[in-house]
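Report on the structure given below.
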Amino acid sequence: MKLFDSHCHIDDKTYDDDLNQVIERAKNDGVSAMMVVGVDIKTSQKAIKIAQTFDHVITSVGFHPHDAVNCSKKNLDCLIDLAKNNSCVKAWGETGLDFNRMFSPAKDQEACFIAQLEIADTLDLPLIFHERDSDGRFYELLKSHGPKSRKGVVHCFSGSKKQMHQYLDLGYHIGITGILTIKKRGEYLRSIVPMIPNDKILIETDAPYLTPAPQKNKVRRNEPAFVKSVLLKLALIKEMDPKELSQIIFDNTRRFYNTEF
């Protein structure tokens, strides 16, 4: 199988001591490409360094809603410079709204999100979206700001059937994580994932978070190699040959990020 981990955070300090081994394990399990996602200036810079070291790694830059309080024009300009001057930067994000933990006030999150939508449109970069407990506000902002031609993926989707169809109607991709493999937590997601057109699915680990089953019972830290478990569960649910589905999703991801892997 040929796999693309469309969203991971291997810039996290938990990989500082064994990043090479993590990359090698992923390769051995068929992960031919991966996207390392930035969530602020520091992580974006570190992700770029990783992408410059490994030729099958690409990256994004952006401000996560948790860090919206730091989303000043000066800091956004810094990310714009990173995007313009590093060919490994293939997307903008992770950006969006998170009204669950409220690490940044809602007004700051919304202003930061709208600013990043406009920047990504100007740079012609696809967007990596984060949404949690926004009670429809995320969708409202997407509908009211920006062109219909915008490319985006709702990463780590775990919402309702209605939300899923709203995002699909906007032309966005749906990112599926290891939640799909978890018996109780993933039950509802497994019931609606067959409704996602094959050409709109991306798979991801969100490593080091959301370790899938069966690895969840053995290790705490997720890593890109485990995206294979997401693919196998997805193929089982969709009643498809895993190799065929993996190639479809790999091609989806390659086109989405406009990369030649």
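The values are calculated or read from the model by the stated rules, or taken from the named source; none is laboratory data. Here the structure is a predicted model, which means the values were calculated and not measured. We place every Cβ from the backbone using ideal geometry, glycine too, and count neighbours over all the protein chains shown.
With the stretch 106-178 as the region, which helices (runs of 4 or more DSSP H) entirely inside it contain at least 1 residues that are within 22 Å of residue 71 (Cα to Cα) and either at pLDDT below 95 or in contact with a helix residue (DSSP H, G or I) (Cβ under 9 Å, 6 or more places away or on another chain) (or both)?
Because the criterion is at least 1 residues that are within 22 Å of residue 71 (Cα to Cα) and either at pLDDT below 95 or in contact with a helix residue (DSSP H, G or I) (Cβ under 9 Å, 6 or more places away or on another chain) (or both), the helices (runs of 4 or more DSSP H) in the stretch 106-178 that meet it are 106-123, 137-144.
Filter the stretch 137-159 down to the residues that are small (Gly, Ala, Ser), more than 14 Å from residue 113 (Cβ to Cβ) and free of Cβ contacts under 8 Å to residues at least 24 places away in the same chain and list them by number. I'd like the intermediate steps shown before the answer.
Our first condition is that a residue be small (Gly, Ala, Ser); within the stretch 137-159, this holds for 144, 146, 149, 152, 158-159.
Next, only the ones that are more than 14 Å from residue 113 (Cβ to Cβ) stay: 149, 158-159.
149, the sole residue that qualifies.
Enumerate the pairs (first residue in the stretch 111-131 and among the aliphatic types (A, V, I, L, M); second residue anywhere and part of a helix (DSSP H, G or I)) with beta-carbon separation below 6 Å, excluding pairs fewer than 6 apart on the same chain, so at least 6 apart or on different chains.
123/83; 127/120
Out of 69, 37, I need the residue that is of a type in the set (Val, Ile, Thr), over 26 Å from residue 176 (Cα atoms) and touching an Asp or Glu at 6+ places or on another chain (Cβ under 9 Å). Which one?
Exactly one of 69, 37 is of a type in the set (Val, Ile, Thr), over 26 Å from residue 176 (Cα atoms) and touching an Asp or Glu at 6+ places or on another chain (Cβ under 9 Å), namely 69.
Could you check residue 75 against (1) modelled with pLDDT of 95 or more; (2) of a type in the set (S, T, N, Q); (3) loosely packed, with under 15 Cβ neighbours inside 10 Å and say which number it fails?
The one condition residue 75 does not meet is (3).
Considering only the stretch 1-105, give the strands (runs of 3 or more DSSP E) lying wholly within it that have at least 3 residues that are in contact with a Gly (Cβ under 8 Å, 6 or more places away or on another chain).
Here the list reads 3-8, 57-61, 89-98.
Out of the residues in the stretch 1-45 that are under 15 Å from residue 231 (Cα atoms) and of a type in the set (Ser, Thr, Tyr), which is surrounded by the fewest Cβ atoms within 10 Å (Cβ to Cβ)?
Here the residue is 32.
Report, ordered by the first and then the second residue, all pairs with beta carbons closer than 8 Å, sequence separation of six or more or different chains, a first member in the stretch 17-28 that is closer than 12 Å to residue 207 by Cβ and touching a residue at least 24 places away in the same chain (Cβ under 8 Å), and a second member that is among the small types (Gly, Ala, Ser) and part of a helix (DSSP H, G or I).
Once the first residue is closer than 12 Å to residue 207 by Cβ and touching a residue at least 24 places away in the same chain (Cβ under 8 Å) and sits in the stretch 17-28, its partners that are among the small types (Gly, Ala, Ser) and part of a helix (DSSP H, G or I) give 22/225; 25/225; 26/225.
Note down all Cβ pairs under 9 Å where the first residue falls in the stretch 68-88 and is within 14 Å of residue 38 (Cβ to Cβ), the second is of a type in the set (Ser, Thr, Tyr) and exposed (fewer than 15 other Cβ atoms within 10 Å of the Cβ), and they're at least six residues apart or on different chains.
What qualifies is 80/122.
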